[in-house]
Amino acid sequence: MAFFSNEFDQKIQRKQAQPCINQMLTQLEKLSKWDAQLKFLFLCRNHGVTPKGLRSQIPKNIAQSDYGKRLQARFDRKILATSISEIYSKKYNAVKKIAGLKMKLRETFGLSGHSIEREEKKLDRIVRRKTREVRKRIFIKLDKLIEEKKRRILERQQAETRKAEEIKISSMDKKIIYNNSKRIFNQKEIDLLSLGLSFGITPKKFPLIEYIAATEKLCQSLEEMGDPDSMARAQGIRNLISGELRKGYDMKIKPNLSKEEREILREIGEDETIIICPADKGKAIVIEDRETYIQKMY
């Protein structure tokens with residue numbers, strides 16, 4: 001009779017403790033999810049890949065350069081390290097909550113240590129079943145990131161090969177200059193113009209505004225998701241980029257033209273008597289008197 005009484009009491013205790021057990025299940029699910037995320041992020045770091053949601057945004061005109069690629073890689077590594085640190089912090093809080101819930105089960109609901117251990121094992125089995133698919137998706141995602149990295153490396157190697165072949169064909173792809181204007185150009189001016197109308201001159205100062213704009217675009221897209229994790233991640237990215245910009249703001253940018261060459265191009269650009277435009281056919285640049293050019297247009 002005492003046995004049935006004990007069993008009945010345990011059923012009542014468990015029923016009363018069910019909300020607390022449900023809370024434990026929620027925390028164990030979070031722990032399992034964060035463990036999977038940590039494993040995924042560590043594997044990403046080991047393979048040198050970055051998940052799309054953690055990639056830094058670099059202005060396109062800078063991202064194509066070697067410096068821009070190095071800068072983006074450094075930002076990506078720091079964002080990845082920050083995300084790992086945040087997940088460890090969440091795990092620590094979840095473990096504390098689980099310990100508190102176990103104590104509550106023991107002291108408030110009178111469950112024995114053996115009963116609590118048995119409940120926890122049961123919850124672990126439920127969590128493993130629930131997160132099995134999540135873990136599979138994570139490894140599929142990792143495989144895709146690794147394949148994407150291999151594809152980028154192959155494309156870069158192919159681009160370098162094409163570039164080497166182009167350089168071999170022509171040591172410098174300079175434009176032919178046809179001067180149909182009355183202005184006489186010296187050889188230095190012709191050499192500078194032959195670089196082409198799309199030749200990019202390096203900026204004199206660090207492009208701070210462009211970096212801030214790109215960072216804000218990324219952070220706002222995260223904040224639009226609305227969940228606390230995305231909001232916290234957006235703020236973390238802002239803090240990280242802010243620190244990096246303070247370091248890089250005063251950096252010296254190596255110019256690709258001398259001061260004299262810049263001045264020559266500025267003077268040519270300010271000459272309102274001429275029009276400089278690409279030729280209709282071929283890799284050439286045509287210089288015309290403005291009046292002549294306007295007459296041809298009409």
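The values are calculated or read from the model by the stated rules, or taken from the named source; none is laboratory data. Keep in mind the model is a prediction, meaning the values are calculated, not measured. For neighbour counting, all protein chains shown are included, and Cβ atoms are generated from backbone atoms with ideal geometry for every residue, glycine included.
Tell me which of these Lys163 doesn't satisfy, since it passes every other one: (1) modelled with pLDDT of 85 or more; (2) of a type outside the set (Asp, Glu); (3) closer than 30 Å to Leu197 by Cα; (4) more than 21 Å from the chain's Cα centre (by Cα).
Of (1) modelled with pLDDT of 85 or more; (2) of a type outside the set (Asp, Glu); (3) closer than 30 Å to Leu197 by Cα; (4) more than 21 Å from the chain's Cα centre (by Cα), only one is false for Lys163: (1).
Among the residues of region 100-115, count how many are touching a Leu at 6+ places or on another chain (Cβ under 6 Å) and not in a loop (DSSP other than H, G, I, E, B).
Result for region 100-115: 1.
If you take the residues in region 183-231 that are β-branched (Val, Ile, Thr) and more than 20 Å from the chain's Cα centre (by Cα), which one is surrounded by the fewest Cβ atoms within 10 Å (Cβ to Cβ)? Steps first, answer last, please.
Quick first cut of region 183-231, residues β-branched (Val, Ile, Thr) only: 184, 190, 201-202, 209, 212, 215.
Next cut, more than 20 Å from the chain's Cα centre (by Cα) only: 184, 190, 201-202.
Values: Ile184: 7, Ile190: 15, Ile201: 12, Thr202: 11.
Ranking the qualifying residues of region 183-231, first place goes to Ile184.
Which one of the conditions (1) part of a helix (DSSP H, G or I); (2) in contact (Cβ under 8 Å) with a residue 24 or more places away in the chain; (3) closer than 20 Å to Asn22 by Cβ does Ile87 fail to meet, given that it meets all the rest?
(3)
Return the total of residues in region 18-51 being touching a helix residue (DSSP H, G or I) at 6+ places or on another chain (Cβ under 8 Å), in a helix (DSSP H, G or I) and either outside the structural domain of Glu117 (by TED's automatic domain parsing) or of a type outside the set (A, V, I, L, M, F, W, C) (or both).
11
Only one of Arg151, Arg129 is within 23 Å of Trp34 (Cα to Cα) and modelled with pLDDT of 85 or more. Can you tell me which?
Details: Arg151 fails: within 23 Å of Trp34 (Cα to Cα).
Going through Arg151, Arg129 in turn, just one is within 23 Å of Trp34 (Cα to Cα) and modelled with pLDDT of 85 or more: Arg129.
Please find, among Lys96, Lys60, Lys69, the residue that is more than 25 Å from Leu245 (Cα to Cα) and without any contact (Cβ under 8 Å) to a residue 24 or more places away in the chain.
Only one candidate passes the filter, namely Lys96.
Of all residues in region 249-298, which are charged (D, E, K, R), within 17 Å of Asn179 (Cα to Cα) and touching a residue at least 40 places away in the same chain (Cβ under 8 Å)?
If the condition is that a residue be charged (D, E, K, R), within 17 Å of Asn179 (Cα to Cα) and touching a residue at least 40 places away in the same chain (Cβ under 8 Å), then Asp271, Lys283, Glu288, Asp289 are the ones that fit.
Of the residues that sit in region 19-61 and are of a type in the set (S, T, N, Q) and modelled with pLDDT under 85, which one is nearest to Pro203 (Cα to Cα)?
Asn61
Please verify whether Gln23 is more than 30 Å from Lys247 (Cα to Cα), of a type outside the set (Phe, Trp, Tyr) and surrounded by fewer than 18 Cβ atoms within 10 Å (Cβ to Cβ), treating the condition exactly as stated.
The answer is yes for Gln23.
Confirm whether Leu245 is on the phi < 0 side of the Ramachandran plot, outside the structural domain of Leu193 (by TED's automatic domain parsing) and of a type in the set (A, V, I, L, M).
yes
Are any of the residues in region 263-279 in contact with a Lys or Arg (Cβ under 6 Å, 6 or more places away or on another chain) and more than 15 Å from Phe185 (Cβ to Cβ)?
No, region 263-279 contains no residue that is in contact with a Lys or Arg (Cβ under 6 Å, 6 or more places away or on another chain) and more than 15 Å from Phe185 (Cβ to Cβ).
Kindly evaluate Lys15 against the criterion of being under 27 Å from Leu105 (Cβ atoms), among the basic types (Lys, Arg), in the same structural domain as Ile79 (by TED's automatic domain parsing) and surrounded by fewer than 15 Cβ atoms within 10 Å (Cβ to Cβ).
Judged against the criteria, Lys15 is a match.
When only residues in region 26-73 that are of a type in the set (Lys, Arg) and farther than 24 Å from Ala214 by Cα count, which is surrounded by the most Cβ atoms within 10 Å (Cβ to Cβ)?
Lys33
For (1) touching a Cys at 6+ places or on another chain (Cβ under 6 Å); (2) surrounded by fewer than 14 Cβ atoms within 10 Å (Cβ to Cβ); (3) modelled with pLDDT of 90 or more, each residue gets a yes or a no:
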| position | (1), (2), (3) |
| --- | --- |
| Ile87 | no, no, yes |
| Lys104 | yes, no, no |
| Phe109 | no, no, no |
| Arg135 | no, no, no |
| Ala159 | no, yes, no |
| Lys168 | no, yes, no |
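Taking region 111-133 as the search range and keeping residues that are touching a residue at least 24 places away in the same chain (Cβ under 8 Å) and surrounded by 15 or more Cβ atoms within 10 Å (Cβ to Cβ), which one is farthest from Phe40 (Cα to Cα)? I'd like the intermediate steps shown before the answer.
We begin by selecting, within region 111-133, every residue touching a residue at least 24 places away in the same chain (Cβ under 8 Å); these are 111, 115, 119-120, 123-124, 126-128, 130-131.
Next, from what is left, pick out any that are surrounded by 15 or more Cβ atoms within 10 Å (Cβ to Cβ): 111, 115, 119-120, 123, 127, 131.
Details: Leu111: 37, Ser115: 34, Glu119: 29, Glu120: 25, Leu123: 23, Val127: 18, Thr131: 14 Å.
Top of the filtered list is Leu111.
Working only within region 137-157, note down all residues that are polar (S, T, N, Q) and either surrounded by 11 or more Cβ atoms within 10 Å (Cβ to Cβ) or within 14 Å of Lys52 (Cβ to Cβ) (or both). Give the steps one after another, and end with the answer.
Keep residues of region 137-157 that are polar (S, T, N, Q), which gives 157.
Once the filter is applied, which keeps residues that are polar (S, T, N, Q) and either surrounded by 11 or more Cβ atoms within 10 Å (Cβ to Cβ) or within 14 Å of Lys52 (Cβ to Cβ) (or both), region 137-157 yields nothing.
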